[in-house]
Amino acid sequence: HLVAKIGPSILNSDLSRLADECDRMVKSGADYLHLDVMDGNFVPNLTFGHPVVATLKPKFKEVFFDMHMMVAEPLKWVESMAETGAEQYTFHLEAAGGHTASDVIRKIKEAGMKAGIAIKPNTPVEALLPYLNEVDMVLIMTVEPGFGGQKFMPDMMPKIKKVREMFANLDIGVDGGVSEANIGECAEAGANMIVSGSAIVKSQDPASVIASLKKSVEN
Ligand code: DX5
Ligand code: ZN
């Protein structure tokens, strides 16, 4: 059985102090960091890209960076992101566009990163099935990507269950609106890489929130 990991998303943190906020998360017990890259095209919002990650990653050599690439051209940023030292590149199936998802996955692995594939709420889980043997993680979105602080969509849980029934050992991530109120059902469904943003970063005591999230998924 896979042990659930908690990956804070710093999207809704104080981005003027990005490194300090990442440090605060690591010191509060984060198992990894989930970093949301948005290009204003795949999603209607902008964050940061590889130039920022290149300055951040050297300060966190021991921390696993899961790059959530909400970008229209996932193939385009693979090499530059790999050069930052980020460990995992999670792209959206919906954005694989002219390139097949398999090409993107191959390129990510050739660049030395782990490959994750994400789907938006309206994308059926069946669309992922052809790639499950090739990826290191699937990421099931429980909000429409683009913004932090949205409401968790519990009707995405059957997607997690379906993947977990087929693959006992694959990393399954869940992202969007996850908090102490719903982490139980995510883990129950089979998610083991739990992203949580606002619930952690907006708290004055993130360590206690992370501890409580971990406690809810202990078994
Ligand atoms: C949404 C992002 C998420 C999300 C996490 O586009 O991918 O990582 O903002 O933050 P919360 O937990 O606040 O939804
Ligand atoms: Zn994300």
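Among S216, V53, M153, whose Cα lies farthest out toward the positive end of the dipole of the chain, if unit charges sit on the beta carbon of Lys, Arg (+1) and Asp, Glu (-1)? Result: S216. Counted by neighbouring Cβ atoms within 10 Å, the residues T55, T90, T84 run from fewest to most as T55, T84, T90. Straight-line reach from K107: taking Cα to Cα under 25 Å and skipping same-chain neighbours fewer than 8 places apart, the lysines in range are K57, K61, K76, K120. Sorting 135-142, 26-33 by average packing, meaning the other beta carbons within 10 Å per residue, from highest down gives 135-142, 26-33.
Average the reciprocal distances over every distinct pair of alpha-carbons in the chain, invert the result, and give the Kirkwood radius in Å.
Values: mean 1/r = 0.0587 Å⁻¹.
One decimal place: 17.0 Å for the Kirkwood radius.
Ranked by the mean number of other Cβ atoms within 10 Å of their residues, highest first, the peptides 2-8, 16-22 come out as 2-8, 16-22.
Give the residue list of trypsin sites (Lys or Arg not before Pro) in the stretch 35-141 that are DSSP loop and have at most 13 other beta-carbon atoms within 10 angstrom. Don't skip to the answer; put the middle values down first.
On the way: sites: K59, K61, K76, R106, K107, K109, K114; in loops: K61.
Passing both the DSSP loop test and the Cβ count: K61.
Enclosing the Cα atoms of the stretch 1-129 in their convex hull gives a volume equal to 126 cubic angstrom per residue. Placing +1 on the Cβ of every Lys and Arg and -1 on the Cβ of every Asp and Glu, with no other charges, gives the chain a dipole of roughly 180 debye about its Cα centre. The stretch 152-219 and the stretch 14-54 have their alpha-carbon centroids 19 Å apart. Subtracting the Cα-Cα distance of S179 and K109 from their residue separation scaled by 0.36 nm leaves 22.0 nm.
Would you mind checking K59/K159; K159/K215; K5/K109 for any pair whose Cα atoms are more than 26 angstrom apart? In this structure, K59/K159 lie more than 26 Å apart at Cα. Note on the stretch 119-169: Kirkwood hydrodynamic radius from all Cα pairs is 11.8 Å, rounded to one decimal. Once you sort the root eigenvalues of the Cα gyration tensor of the stretch 68-185 as a ≥ b ≥ c, which label holds: rounded (a/c under 1.5), prolate (a/b larger than b/c) or oblate (the other case)? Because a/c hits 1.5 or more and a/b exceeds b/c, the stretch 68-185 counts as prolate. For K114, the residues whose modelled amide H falls within less than 5 Å of its own, excluding neighbours fewer than 5 places apart on the same chain, are Q88, Y89.
Panel order for V209, V178, V52, by other beta carbons found within 10 Å of each beta carbon, from fewest to most: V52, V209, V178. Considering only A168, A82, A118, the Gaussian network model of the chain with Cα springs below 10 Å gives its largest mean-square fluctuation to A168.
Starting from the stretch 143-219, pick out the trypsin sites (Lys or Arg not before Pro) whose DSSP state is loop and whose Cβ has at most 16 other Cβ atoms within 10 Å. Please list the in-between numbers first.
Numbers: sites: K151, K159, K161, K162, R164, K202, K214, K215; in loops: K151, K202.
Taking the stretch 143-219 and a limit of 16 other Cβ atoms within 10 Å, the loop trypsin sites (Lys or Arg not before Pro) found are K151, K202.
Just check the stretch 1-60 against the gyration tensor rule for me: Cα atoms, a ≥ b ≥ c as the square roots of the eigenvalues, rounded for a/c under 1.5, and otherwise prolate or oblate depending on whether a/b exceeds b/c. It is oblate, given that a/c is not under 1.5 and a/b is not larger than b/c.
Each reported figure results from applying straightforward, stated rules to the coordinates on display, with no laboratory input. Just so it is clear, the model here is predicted, and its values are computed rather than measured. Cβ coordinates were reconstructed from backbone atoms using ideal geometry, including for glycine residues, and neighbour counts include every protein chain displayed.
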